[in-house]
Amino acid sequence: MEIFIIRLIQFVLAISLLVLIHEFGHFFFSKLFGIRVEKFYIFFDPWFHLFEYKPKNSHTRYGVGWLPLGGYCKISGMIDESFDKEQMKQPPQPWEFRTKPAWQRLLVMVGGVMMNFLLAIFIYSMILFSWGDSYIATKDMTHGMAFNSDAKALGFKDGDILVGTEKGAFKEFGVDMFRDISEAHKVDIVRNGQPMTISLPGELNLLSMIKNQPMFARPFIPAVADSVIKGSAADKMGMVAGDKIVAINGKKVGSWNEFTDEIARFGDMLATAKTPVDSMKARSTTIVIEHDARLDTADVVLSPELTFGIYVKSLASLYEPTTIEYGFFESFPAGVKYGVNVLRGYVDDLKYVVTAEGAKSVGGFGAIASMFPATWDWYVFWKMTALLSIMLAFMNILPIPALDGGHVLFLLYEIITRRKPSENFLIYAEYAGFIFILALLIFANGNDILRWLGIMW
């Protein structure tokens with residue numbers, strides 16, 4: 001419950017900030033061009049609101065709604081999600097959105113997206129200034145990677161050190177590395193101390209590379225105990241720090257990766273267990289360890305969670321990280337480069353959403369909230385907030401009615417053709433877009449529910 005609350009607070013705080021900044025973009029340009037803003041709300045307020053305040057001599061009511069699906073800036077004389085038809089029937093007024101030049105209306109509409117992207121750039125810049133850029137370079141992972149069967153079929157072997165592709169050197173283990181491999185025609189590696197090149201088709205499925213269990217590649221972790229949990233199966237068989245696991249159920253394992261893969265197979269048997277005896281049988285196994293230069297074999301029973309009871313070294317303790325420090329002014333161009341790279345990767349990965357597997361990967365509010373850490377970590381919080389800001393900016397600029405991009409599309413049409421779409425057309429387009437977005441929200445959050453129920457993963 002504590003983890004849920006921590007993640008919920010982070011999610012609400014991040015979304016509130018992003019919505020506030022986004023709507024401020026619309027608000028700023030509206031005020032700049034003398035357009036009245038009737039309401040400025042964080043979250044939606046159908047039927048009632050949690051808080052509202054109207055300053056003296058102001059036309060704007062500021063408030064907080066109860067439905068945390070976004071927020072809005074109600075601009076006079078504009079067809080938006082409020083569907084205020086009565087206002088549009090009145091004679092146009094000089095302070096209304098509809099009476100302003102198209103280029104001013106265009107800036108009002110792109111203001112939110114612009115502010116979200118600028119916010120992301122600012123956050124990334126301040127992250128680099130405050131924490132620097134610290135990472136473990138793939139070339140420095142001297143134990144190499146553990147690869148799945150698909151990767152091995154392409155020519156990779158456990159222990160290969162990944163260096164780079166024809167695009168350039170890999171920076172660190174992560175989605176950018178997988179993306180480069182998926183698009184590469186050759187990958188440079190080091191195998192047993194010798195540089196080598198592996199040829200690839202250049203069109204691997206990134207989503208499958210990451211979602212497959214085990215995934216395409218993982219940092220190779222030696223199966224050596226760093227510490228042993230008291231009372232665990234490992235402790236009962238006499239295992240101590242420094243001992244190495246060499247086999248399980250008669251199968252040799254050369255890494256912690258292989259050991260955990262074998263343990264995962266026990267899950268299927270445990271899932272069908274109907275009695276305590278069945279459960280005990282499903283969790284029983286034989287493990288061989290190397291202890292004081294000799295091999296010890298023992299029959300053990302894993303915990304109900306299928307844990308053996310040891311901790312192995314983390315990547316941070318296995319390898320020396322590379323850290324780049326940035327001065328205050330240096331951080332801004334670095335933040336721009338970082339943000340543009342994140343945006344480029346996000347846009348590139350959207351092609352997988354239209355696939356059947358990609359559609360199942362779409363998540364709603366629950367999936368987004370689960371991306372935040374289980375403990376409060378300002379570094380991760382700000383990094384996640386910046387990512388969500390870029391996602392919000394891009395999704396909002398898509399040419400879908402009811403989104404900013406839909407309004408931009410019609411405004412560009414007006415600027416190019418010098419003909420303004422009729423208000424009836426804009427109202428019906430807004431309805432259609434709103435229904436589409438609502439359906440997408442139901443679909444995405446429905447996926448979250450199915451994953452929570454264990455029906456889909």
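The values are calculated or read from the model by the stated rules, or taken from the named source; none is laboratory data. Computed from a prediction, not measured in an experiment: that's the story for all the values here. Positions of Cβ are backbone-derived with ideal geometry, glycine not excepted, and every protein chain shown enters the neighbour counts. For the accessible areas, the whole protein counts, side chains as well, though only heavy atoms, and no ligand, DNA or RNA atoms are used. Shrake-Rupley method; radii C 1.70, N 1.55, O 1.52, S 1.80 Å.
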Taking 183-193, 107-117 and ranking on average Cβ neighbours within 10 Å, highest first, one gets 107-117, 183-193
Against the 2.2 N^0.38 Å rule of thumb, the C-alpha Rg of segment 95-151 sits at a ratio of 2.22
The Cα radius of gyration of segment 302-341, divided by 2.2 N^0.38 Å with N its residue count, comes to 2.17
Toy charge model, Lys and Arg Cβ at +1, Asp and Glu Cβ at -1: segment 278-370 dipole around Cα centroid in debye, rounded to 20, equals 360
Non-local residues with an amide H under 5 Å from the amide H of HIS291, with H modelled 1.01 Å from N and Pro and chain starts lacking one, are ASP296
If every Lys and Arg gets +1 and every Asp and Glu gets -1 at its Cβ, then about the Cα centre segment 101-226 yields a dipole, in debye to the nearest 20, of 220
Residues other than ASP158 with Cβ under 11 Å of its Cβ, Lys/Arg counted +1 and Asp/Glu -1, net out at +2
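Suppose accessible area is computed on protein heavy atoms with a 1.4 Å probe; arrange LEU426, LEU18 from highest to lowest.
LEU426, LEU18
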Cα gyration tensor of segment 260-401 diagonalised, 5x eigenvalues square-rooted, in angstrom largest first, produces semi-axes 43, 26, 13
For the chain, longest principal axis from Cα atoms; helix 423-452 axis from its Cα atoms; angle between them, nearest 10 degrees, is 20
Of the accessible area of the chain, computed with a 1.4 Å probe and all protein chains kept, carbon and sulfur make up a percent value of 64
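Determine, for each peptide in 292-301, 234-243, the mean count of other beta carbons within 10 angstrom over its residues, then list the peptides with the highest first.
234-243, 292-301
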Taking Cα atoms, the helix 404-417 axis meets the longest principal axis of the chain at an angle in degrees (rounded to 10) of 50
For ILE435, ILE415, ILE123, the accessible-area ranking with a 1.4 Å probe, largest leading, is ILE435, ILE415, ILE123
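Report the rotationally averaged projected area of segment 1-60 based on its alpha-carbon convex hull, in square nanometres.
Averaged projected area of segment 1-60's Cα convex hull equals 5.5 nm².
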With all protein chains present and a 1.4 Å probe, the order of PHE29, PHE308 from largest accessible area down is PHE29, PHE308
DSSP beta bridges in the chain: the antiparallel percent, rounded to 5, is 90
